[in-house]
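Working notes, structure below.
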Amino acid sequence: MLDHYGRRITYLRLSVTELCNLRCRYCMPEDGVCKKQHEEMLTREETVCAVRACAALGIRKLRITGGEPLVKAGIVDLCRECAAVDGIEEVCLTTNGTLLPKLAAGLRDAGVSRLNISLDTLQPEKFHYITRIGDLRDALGGIEAALQAGFEKVKINSVLIGGFNDDEIADLAELTRRYPVDVRFIELMPMYDSGDFGPDAFIPYTVVTDQLSELEPVPADGGVAKLYRLPGALGNVGLISPVSAHFCAACNRIRITADGKIKPCLHSSDEISIKGQDYAGMLETIRSAILAKPQWHGELSYTERSHAARNMNQIGG
Ligand code: SAM
Ligand code: SF4
């Protein structure tokens, strides 16, 4: 359906858990999340019911995210149920990759068509630093597992962080020559509690084109990334600029959090609950949430932080 500003809403980002097996510094607090009561979270039946309601309202693409979606019990079956919903044409999943060696083949069989894997550094100590607890070998094993399971168009997402990985832009982009993957650099967003980062961490996407003079522009693929390619590469380098050049005018998405809140906009504090509702109730709530989608989210910068009163793991990045 169209929102109040004529944007066609076709894309749902569905968070299935707030929990994670990593603790990325820009995403969640060190001591993890305050575990909510089980009763506060959407049940599996409610989750699938919400996807059905969204599909009836014109959602065609579903991205399953979190938290880390692969720590959720029964995730493969949940993906299978979502992929079978009438109207859903594509189920994608965003993951830190560490559990893919165990789950990649099952996810593909369940109907997940594409994977985005997050990876901010290729250096083991820096990986451990940024994730607070992670082991780089697990994430790299996840990329290999995704390719081995036959996933095509795998995307590696790297959050650009000044003073942390801006010295690895060439190395990360080089992955597109080694593997058939896209590497996308995403500007760090100033969320509620991404407080470890000072102003110098928030660098614009243009540092990538400044550093990689070999990049040639290629046509966009309908997503929000500006696309480029290195000579001889097997995949694209994408640049995503939620901070320095927002894409609100073309926004086609809504979000549902694991505790059942519709978020019409990532950076707005507006949340509308569908917890406990039946199909008809969800249909009406989601319809009004789409109509209430704001025109844009306002300035974002180190000093003008996101109005979302949640960290990314509690929203579904
Ligand atoms: N755990 C999965 C993962 O890491 O891919 C899925 C959830 S995670 C919240 C989704 C994406 O949000 C990741 O690519 C992560 O890097 C990104 N993200 C989290 N906090 C962010 C922030 N403050 N700015 C930019 N991207 C962020
Ligand atoms: Fe976990 Fe993903 Fe957040 Fe990292 S970015 S803490 S992997 S949810």
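The values are calculated or read from the model by the stated rules, or taken from the named source; none is laboratory data. Note that this is a predicted model, so its numbers are computed, not measured. Note that we place each Cβ from the backbone using ideal geometry, even for glycine, and neighbour counts take in every protein chain shown. For accessibility, only protein heavy atoms count, side chains too; no ligands or nucleic acids. Shrake-Rupley method; radii C 1.70, N 1.55, O 1.52, S 1.80 Å.
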>> I'd like the full set of residues that are assigned to a loop (DSSP other than H, G, I, E, B) and within 10 Å of ligand 1 (Cβ to nearest atom), limited to segment 306-317.
In response: Ser306, Asn311, Ile315, Gly316, Gly317
> Can you pull out the residues in segment 290-310 that are polar (S, T, N, Q) and at pLDDT 85 or above?
Replying inline: Gln295
> Looking at segment 167-177, is at least one residue more than 15 Å from ligand 1 (Cβ to nearest atom), touching a residue at least 40 places away in the same chain (Cβ under 8 Å), among the aliphatic types (A, V, I, L, M) and open to solvent by 20 Å² or more (accessible area, probe 1.4 Å)?
Replying inline: yes
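Being open to solvent by 10 Å² or more (accessible area, probe 1.4 Å) and more than 10 Å from ligand 1 (Cβ to nearest atom): is that true of Arg25 here?
When the stated conditions are applied, Arg25 does not pass them.
Looking only at segment 213-232, which residues are more than 25 Å from the chain's Cα centre (by Cα) and either in a loop (DSSP other than H, G, I, E, B) or under 24 Å from Tyr26 (Cα atoms) (or both)?
Quick first cut of segment 213-232, residues more than 25 Å from the chain's Cα centre (by Cα) only: 213-214, 216, 231-232.
Selection gives Ser213, Glu214, Pro231, Gly232.
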>> Among the listed residues Leu57, Leu78, Leu42, Leu70, identify the single one that is within 14 Å of ligand 1 (Cβ to nearest atom) and either open to solvent by less than 70 Å² (accessible area, probe 1.4 Å) or more than 18 Å from the chain's Cα centre (by Cα) (or both).
In response: Leu70
>> Being in contact (Cβ under 8 Å) with a residue 40 or more places away in the chain and away from ligand 2 (no atom under 12 Å from the Cβ) is the requirement here; does Glu40 meet it?
In response: yes
> Only one residue in Asn236, Asn311 is under 30 Å from Glu216 (Cβ atoms), touching an Asp or Glu at 6+ places or on another chain (Cβ under 9 Å) and not aliphatic (A, V, I, L, M), so which one is that?
Replying inline: Asn236
> When segment 228-254 is examined, which residues are found to be of a type in the set (S, T, N, Q) and either open to solvent by less than 50 Å² (accessible area, probe 1.4 Å) or closer than 15 Å to Arg177 by Cα (or both)?
Replying inline: Asn236, Ser241, Asn252
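Using the structure shown, decide if Lys102 is in a helix (DSSP H, G or I), open to solvent by 10 Å² or more (accessible area, probe 1.4 Å) and within 23 Å of Ala173 (Cβ to Cβ). Walk me through how you get there before you give the answer.
On the way: in a helix (DSSP H, G or I): yes; open to solvent by 10 Å² or more (accessible area, probe 1.4 Å): yes; within 23 Å of Ala173 (Cβ to Cβ): no.
Here the answer is no, as Lys102 does not meet what is asked.
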> In this structure, is Glu125 in contact (Cβ under 8 Å) with a residue 12 or more places away in the chain, open to solvent by 10 Å² or more (accessible area, probe 1.4 Å) and away from ligand 2 (no atom under 12 Å from the Cβ)?
Replying inline: no
> So which residues in segment 193-227 are touching a Lys or Arg at 6+ places or on another chain (Cβ under 6 Å), open to solvent by 30 Å² or more (accessible area, probe 1.4 Å) and within 14 Å of ligand 1 (Cβ to nearest atom), if there are any at all?
Replying inline: Asp196
> Would a scan of segment 107-122 turn up a residue that is open to solvent by less than 30 Å² (accessible area, probe 1.4 Å), within 22 Å of Arg52 (Cα to Cα) and part of a loop (DSSP other than H, G, I, E, B)?
Replying inline: yes
> Taking Glu18 and the conditions (1) in contact with a Gly (Cβ under 7 Å, 6 or more places away or on another chain); (2) of a type outside the set (Val, Ile, Thr); (3) part of a loop (DSSP other than H, G, I, E, B); (4) more than 16 Å from ligand 2 (Cβ to nearest atom), which numbered condition does it fall short on, given that it satisfies the others?
Replying inline: (4)
> Can you name the condition, by its number, that Val51 falls short on among (1) open to solvent by less than 10 Å² (accessible area, probe 1.4 Å); (2) within 15 Å of ligand 2 (Cβ to nearest atom)?
Replying inline: (2)
> What number of residues within segment 123-140 satisfy the criterion of being part of a helix (DSSP H, G or I) and within 15 Å of ligand 1 (Cβ to nearest atom)?
Replying inline: 9
> Is there any pair linking a residue in segment 89-109 that is of a type in the set (Asp, Glu) to one that is within 16 Å of ligand 2 (Cβ to nearest atom) and open to solvent by less than 20 Å² (accessible area, probe 1.4 Å), with Cβ under 9 Å and at least six apart or on different chains, and which?
Replying inline: Glu90/Arg63
